[in-house]
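Chemist: Pasting a structure here, questions to come.
Rule-based calculations on the coordinates, nothing more; no lab input. Please read these numbers as outputs of a predicted model, since none were measured by experiment. Note that each Cβ is placed from the backbone with ideal geometry, even for glycine, and that neighbours are counted across all protein chains shown.
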DNA sequence: TCCCCGATTCCCT
DNA sequence: GGGAATCGGGGAT
């Protein structure tokens with residue numbers, strides 16, 4: 001039991017190979033509405049466990065649905081700090097949700113990570129979730145934090161330093177847009193972004209001509 | 001100090 | 001489809 005579990009197959013190659021470019025803090029030093037769709041297809045790992053980001057939502061301080069709308073508080077202070085850091089909060093007293101802070105700096109802008117396609121450390125994620133079905137393993141903001149072991153202990157960590165790793169998507173992807181989920185304010189803003197056709201979303205995206 | 005409710009998930013009908 | 005679980009944040013008193 002002193003033995004460390006083996007790293008998930010393929011992670012070392014991802015880390016070594018120039019084909020998988022690491023995302024640095026500079027990637028997040030851009031407007032949140034630019035960063036959010038650019039994150040679709042990127043790989044997000046914590047301690048080598050995680051997968052491909054397939055769904056996100058953008059929030060910022062002029063947005064009544066955002067935690068930061070009413071100004072800085074102890075809970076949301078990371079949102080008001082520099083870009084490239086993690087903001088974690090507790091949702092409904094039960095779940096953790098993870099955000100990446102973006103520019104403009106001090107504007108309390110962040111991208112909520114809503115779903116990933118599991119690719120690394122799948123057995124570990126299944127164990128943490130007590131679940132076998134890979135399609136629902138990380139298909140929601142509370143699900144993916146449980147699967148990846150993310151808690152308030154990760155609040156304020158840098159996105160380009162251990163234990164977090166982010167890799168740019170290897171090629172362009174088709175990104176679909178929609179209204180955000182689970183909010184009651186500013187419900188009309190099309191600030192939800194997803195990987196077109198993904199089987200790992202928290203909810204399907206409505207056909208563009210209908211809905212909301 | 002009190003009270004309401006949420007960037008959710010899961011289970012039941 | 002509907003409601004419970006569960007608790008901290010923050011507006012209201």
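Chemist: With springs connecting C-alpha atoms under 10 Å apart, model chain A as a Gaussian network and identify which of A:180, A:25, A:75 has the largest mean-square fluctuation.
Modeler: Looking only at A:180, A:25, A:75, the largest GNM fluctuation is found for A:75.
Chemist: Also, quick follow-up: As a test of the formula, what do you get for chain A when each DSSP H run with n ≥ 4 contributes -39,500 (n - 2.57) and the sum is divided by the residue count, at 222 nm and rounded to the nearest 500 deg cm²/dmol?
Modeler: -4000 deg cm²/dmol
Chemist: In whole Å, largest first, what are the principal axis extents of the Cα atoms in the stretch A:11-151?
Modeler: Extents along the principal axes, in whole Å: 41, 39, 21.
Chemist: With a 10 Å cut-off between alpha carbons and a GNM built on chain A, which of A:190, A:74, A:82 moves the most?
Modeler: A:74
Chemist: Need the full-extension length gain, residue A:132 to residue A:95, defined as separation in residues times 0.36 nm minus the C-alpha distance. One decimal, nm.
Modeler: 11.3 nm
Chemist: Hey, fewest Cβ within 10 Å first, where do A:102, A:138 land in order?
Modeler: Placing the least packed residue first, the sequence is A:102, A:138.
Chemist: Also, quick follow-up: For the residue pair residue A:172 and residue A:77, what label-to-label distance in nm results when each label sits 7 Å from Cα along the Cα-to-beta-carbon direction?
Modeler: 4.3
Chemist: Taking a spot 7 Å from the Cα of residue A:185 along the direction of its beta carbon, which residues of the stretch A:79-113 have an amide N less than 20 Å from it?
Modeler: A:79-81, A:87-93, A:97-102, A:104, A:106-113
Chemist: Which FRET efficiency value, to the nearest 0.05, do you get for residue A:31 and residue A:70 by plugging their Cβ-Cβ distance into 1/(1 + (r/R0)^6) with R0 = 22 Å?
Modeler: 0.50
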